[in-house]
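Below: the structure, in structure tokens.
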Amino acid sequence: MIALIQRVNHASVSIAGEVHSQIGQGLLLLLGLEKEDTFSDGQRLIRKVLAYRVFADDLDRMNLSLKDISGELLLVSQFTLAGSTQKGLRPSFSSAMPPEPAKALYEELVAWVKNEYPATSTGEFGADMKISLENDGPVTFILNS
């Protein structure tokens, strides 16, 4: 499982020209699922995201987490993160989880994280989404389960 997180001042997901969800200050989490990933992998990774210290404290050091600042989380499925770019000029998605089990796992993780951290909004699995954001910093990290 691969998570790309971006610290944002605000972010939104639009589907078919309509705003589907939006957040203020917080984290945009793009989540790529791979074939061997499990629900417990996702829980562990998302817990890390929620506790990852990427927000400035009073001394302007990255020392505060999303939870510490009561920020918002925007969770969006992103299968292209599982793409291998090691060979050739076209990514290979052979390690990506197939759509049906990926959708089931994503939806299970969404239900869990909304219970764990209610300030969570999401995209829609498999939809053609347009993501708008203002990256704060910019601050971007890749985390793996």
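Okay, here's what the table says:
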| read-out | value |
| --- | --- |
| Any chance residue 128 is touching a Lys or Arg at 6+ places or on another chain (Cβ under 8 Å) and more than 16 Å from residue 33 (Cα to Cα) | no |
| Any hit, segment 89-98, residues being exposed (fewer than 15 other Cβ atoms within 10 Å of the Cβ), at pLDDT 95 or above and charged (D, E, K, R) | no |
| Qualifying position, being of a type outside the set (D, E, K, R), free of Cβ contacts under 8 Å to residues at least 40 places away in the same chain and under 23 Å from residue 118 (Cβ atoms), among 51, 56, 3, 11 | 51 |
| Neighbours by Cβ (under 9 Å, 6+ apart or cross-chain): first from segment 73-101, at negative phi and of a type in the set (Val, Ile, Thr); second assigned to a loop (DSSP other than H, G, I, E, B) and surrounded by 11 or more Cβ atoms within 10 Å (Cβ to Cβ) | 76/123; 76/124; 80/91; 80/93; 85/91 |
| Residue 70 vs. criteria within 18 Å of the chain's Cα centre (by Cα), exposed (fewer than 13 other Cβ atoms within 10 Å of the Cβ) and without any contact (Cβ under 8 Å) to a residue 24 or more places away in the chain | no |
| Qualifying residue in segment 102-116 (condition: surrounded by 13 or more Cβ atoms within 10 Å (Cβ to Cβ), small (Gly, Ala, Ser) and either at pLDDT below 95 or closer than 19 Å to residue 53 by Cβ (or both)) | no |
| Condition check for residue 143: out of contact with any Asp or Glu (no Cβ under 7 Å at 6 or more places or on another chain), touching a residue at least 40 places away in the same chain (Cβ under 8 Å), surrounded by 14 or more Cβ atoms within 10 Å (Cβ to Cβ) and not charged (D, E, K, R) | yes |
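The values are calculated or read from the model by the stated rules, or taken from the named source; none is laboratory data. Owing to the predicted nature of the structure, the values given are computational and were not obtained by experimental measurement. Ideal geometry is used to build each Cβ from the backbone, glycine not excepted, and the neighbour counts take in all protein chains shown.
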